[in-house]
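To start, the structure itself, in structure tokens.
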Amino acid sequence: MTRQIHDQFAKEYLEELLASLGTIKKSKKVKSEVQEIDVWFEPATASRTELPLGLLGKMAATCCLFEPFRNPPSEVEIRSCISKLYAVHGEVLRKAKRTNKTLTEAELPVLWILTPTFSGRMIEEVVGIPPSFLPEEGMKEEWGKGVYFSPSLFKTGIVAIHQLPVNEETLWLRVLGKGGTQKRAVEELVQLPEGNPFQENLLEILANWRKSLELRDNLSAEEQEEIMNLSPAYLQQREEWKQEGIQEGIQEGIQRGSLEERYSLITSLLEGRFGSLDAELSGLVEQIAQLPISERTGLLLSLANLSRSELLERFREN
């Protein structure tokens, strides 16, 4: 179930980023068997303004398939992705033949497998070279650390998200990572300058992903961590939703339900950080809810870095 939720999120996320650069074919079925490609991207041929997508934009410079994974793919899953690529190659070549067009090798789609982590053993199996023999920057120096390629004949690249440098160039891919990698990337996304062309819509997608996870019963430790990682986006997006509601003339209704919603969110975040709440922590819910919006948001964003005693001490001082 978690894999399905992540797959849907990843498709929406990549579509939002790549839509202005070309044509997206989500969940494209291939004819050879009942298989679906997560995202099939074809760059626009017309000239366009370059958008700040960094490494993702570089990957999208040519026709390609994106297969994002929530957990590291197995050998079987990697082979399944490659089989989809070859099915697409067959379809593209048949179409070209019908129109008497000759395709070059460079015009055939490339497969990009996006994985949160990637072991040294798997790198060796896919790349064919032990990691200790690879250049420090990765398989191809111009792509940087964390990007690996199979032999060129197979037209497959793998992005080990946890190995990517932490900078603006890799931000859009690091959001698809896990643990601390994802947490830091979401915080960076929230803090992007006002007017960024992607921030608003991506925050909504992230917030919706968090809500989908939160509605599930018997959350695993990994899912609880994921909820915490997505909380900065959720908090900011909630304020956006609230302001939109006020502007649409439903301020009174929002105000009636907002305090209860606030209590529920704060309780959920505290439970995600500290487990079940004792009397002292439960007593903080109302106090946090009454803080000004900016102060409350800042506190909840930093919750993961606060110990129980530090949090309690802060309110004792007040």
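Summary table below
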| quantity | calculated |
| --- | --- |
| Any hit, the stretch 123-137, residues being open to solvent by less than 40 Å² (accessible area, probe 1.4 Å), within 20 Å of P43 (Cα to Cα) and either at pLDDT below 90 or touching an Asp or Glu at 6+ places or on another chain (Cβ under 9 Å) (or both) | no |
| In the stretch 42-61, the residues that are modelled with pLDDT of 75 or more and over 22 Å from L164 (Cα atoms) | E42, P43, A44 |
| Answer residue from the stretch 179-208, given it is of a type in the set (S, T, N, Q) and within 14 Å of the chain's Cα centre (by Cα) and is modelled with the lowest pLDDT among those | N208 |
| Selection status of I227, of a type in the set (V, I, T), surrounded by 13 or more Cβ atoms within 10 Å (Cβ to Cβ), assigned to a helix (DSSP H, G or I) and at pLDDT below 65 | no |
| In the stretch 53-74, residue nearest to H6 (Cα to Cα) [restricted to those that are open to solvent by 40 Å² or more (accessible area, probe 1.4 Å) and of a type in the set (G, A, S)] | S74 |
| Within the stretch 75-120, considering residues that are within 26 Å of L171 (Cα to Cα) and free of Cβ contacts under 8 Å to residues at least 24 places away in the same chain, the one least open to solvent (accessible area, probe 1.4 Å) | G120 |
| K211 being assigned to a helix (DSSP H, G or I), of a type outside the set (D, E) and at pLDDT below 70 | no |
| Extreme residue, farthest from N305 (Cα to Cα), among residues of the stretch 164-194 that are in a loop (DSSP other than H, G, I, E, B) and aliphatic (A, V, I, L, M) | L164 |
| Among residues of the stretch 273-306, those that are farther than 18 Å from E261 by Cα and open to solvent by 70 Å² or more (accessible area, probe 1.4 Å), counted | 5 |
| Test for R238: is it in a helix (DSSP H, G or I), at pLDDT 75 or above and either crowded, with 20+ Cβ neighbours inside 10 Å or within 21 Å of the chain's Cα centre (by Cα) (or both) | no |
| Odd one out for I158 among (1) in a helix (DSSP H, G or I); (2) under 20 Å from P68 (Cα atoms); (3) modelled with pLDDT of 90 or more | (1) |
| Selection from the stretch 281-318 of residues that are in a helix (DSSP H, G or I) and under 25 Å from the mean Cα position of the chain (by Cα) | T297, G298, L299, L300, L301, L303, A304, N305 |
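The values are calculated or read from the model by the stated rules, or taken from the named source; none is laboratory data. Please read all numbers here as calculations on a predicted model, not as lab measurements. Cβ coordinates were reconstructed from backbone atoms using ideal geometry, including for glycine residues, and neighbour counts include every protein chain displayed. For the accessible areas, the whole protein counts, side chains as well, though only heavy atoms, and no ligand, DNA or RNA atoms are used. Shrake-Rupley method; radii C 1.70, N 1.55, O 1.52, S 1.80 Å.
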